[in-house]
1. Kindly establish whether L100 is without any contact (Cβ under 8 Å) to a residue 40 or more places away in the chain, in contact with a Phe, Trp or Tyr (Cβ under 9 Å, 6 or more places away or on another chain), part of a strand (DSSP E or B) and not β-branched (V, I, T).
2. For residues in region 68-95 being free of Cβ contacts under 8 Å to residues at least 24 places away in the same chain and assigned to a loop (DSSP other than H, G, I, E, B), which is least open to solvent (accessible area, probe 1.4 Å)?
3. Scan region 277-298 for residues that are closer than 17 Å to V24 by Cα and open to solvent by 10 Å² or more (accessible area, probe 1.4 Å) and jot them down.
4. I'd like the full set of residues that are of a type in the set (A, V, I, L, M, F, W, C), under 17 Å from the mean Cα position of the chain (by Cα) and not in a strand (DSSP E or B), limited to region 262-298.
5. Restricting the search to region 1-48, which residues are among the polar types (S, T, N, Q), outside any loop (DSSP other than H, G, I, E, B) and under 20 Å from the mean Cα position of the chain (by Cα)?
6. Please verify whether region 198-206 includes one or more residues that are buried (at least 18 other Cβ atoms within 10 Å of the Cβ), assigned to a loop (DSSP other than H, G, I, E, B) and modelled with pLDDT of 90 or more.
7. Of everything in region 9-59 that's open to solvent by 70 Å² or more (accessible area, probe 1.4 Å) and touching a Phe, Trp or Tyr at 6+ places or on another chain (Cβ under 6 Å), which residue is farthest from V263 (Cα to Cα)?
Amino acid sequence: MFLSPPPLVRSIDAGDLPIVGMTVLDLRLFVLRENSPDVIVYDARSFVHRKSLSLLRLLSPMLVPAAVDIASCPRTRSLFVADAANGAIYRLDPDSGSLLGHWKQSTVVGLSVTSRGSLLVGTGSRILECDAQTGRTLRTVAGATLSKSAARWRGGGGGCGNRTMMHCPRHFLWRESTETLIVCDWKEAASPSSSSSPHSVYDVSTSGQTFHRHGNEPGSGEPDLCRPGHVVAAPLDHVIVADQGNRRVKLLNARLEFVSNLVDKRSSAPTRLVFEEETGRLYVGTTDGKIYVYRIVA
């Protein structure tokens, strides 16, 4: 079912700035670049640049956004943009870019949308589920507000003694079939002499129980990860991981075991991923502003 190696369909040059966010909605690819105040919109079939949506006009004068992620909700036909500089999340109309709503979030590092249409917000220490219309926090899915006994690694190959559950979650998605959260997690060492946190992807329940994990100490081998930055769902409960430090994209099975390297050792590192189920295409955004489109499913 999965093609190995997957054929390259197209490459898109979005400029020289790193890609920090991508999402597909209504046959359009929406792209965020680092330190850019615009959302670039491409046709997801022809890959032609259609327009740009300005974030500057959403803000008061003298405020400059630092967008760090973008997500979309097909149910409400909305875009969500996380602005780290101003501690805000904006809900936008995908056609006009007009502001449909916004709310404050003092720290925001990532966004994801569940199949129910709710918004998952990463705050650095917690992952919150929020109402996508109002921004109201519905619950803490994982993180610091869990009980001390719950917020521990547990069990088998996915366990890790008494190490706390999260270090600094970079990206995440909700897997409906198992009702667990798939998390990319790593944190730099505080100093050259201190050890870094595990660089790993794991699935965790809302009670804090971890079932499977891929990666431990940062490394470049088949079972290793180095700065995993993004994760997307694939068919058969597989997941795809942007292994940024190793400049590769890994395919893992439902138990987060290694299947293959879909993309390996490119000149630029992968930063963001989008999998389009209808076409079997994988969009890979990179540190040099390029987007590579692969067909990964037969």
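The values are calculated or read from the model by the stated rules, or taken from the named source; none is laboratory data. Everything numeric here is computed off the predicted structure, so don't read it as measured data. Virtual Cβ from ideal backbone geometry, glycine too; neighbours counted across all protein chains shown. Accessible surface areas use protein heavy atoms only, side chains included; no ligands, DNA or RNA. Shrake-Rupley method; radii C 1.70, N 1.55, O 1.52, S 1.80 Å.
1. Here the answer is yes, as L100 does meet what is asked.
2. Ranking the candidates gives G87 first.
3. E277, E278, T279, R281, K290, Y292, Y294, R295
4. Hit for region 262-298 is A269, nothing else.
5. Within region 1-48, T23 is the sole residue that qualifies.
6. Among the residues of region 198-206, at least one is buried (at least 18 other Cβ atoms within 10 Å of the Cβ), assigned to a loop (DSSP other than H, G, I, E, B) and modelled with pLDDT of 90 or more, which makes the answer yes.
7. Residue satisfying both the conditions and the ranking: H49.
Matching residues to (1) open to solvent by less than 40 Å² (accessible area, probe 1.4 Å); (2) in contact with a His (Cβ under 7 Å, 6 or more places away or on another chain); (3) outside any strand (DSSP E or B):
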{"residue": "G219", "(1), (2), (3)": "yes, no, yes"}
{"residue": "E222", "(1), (2), (3)": "no, no, yes"}
{"residue": "L225", "(1), (2), (3)": "yes, yes, yes"}
{"residue": "K250", "(1), (2), (3)": "yes, no, no"}
{"residue": "L256", "(1), (2), (3)": "yes, yes, yes"}
{"residue": "S260", "(1), (2), (3)": "yes, no, no"}
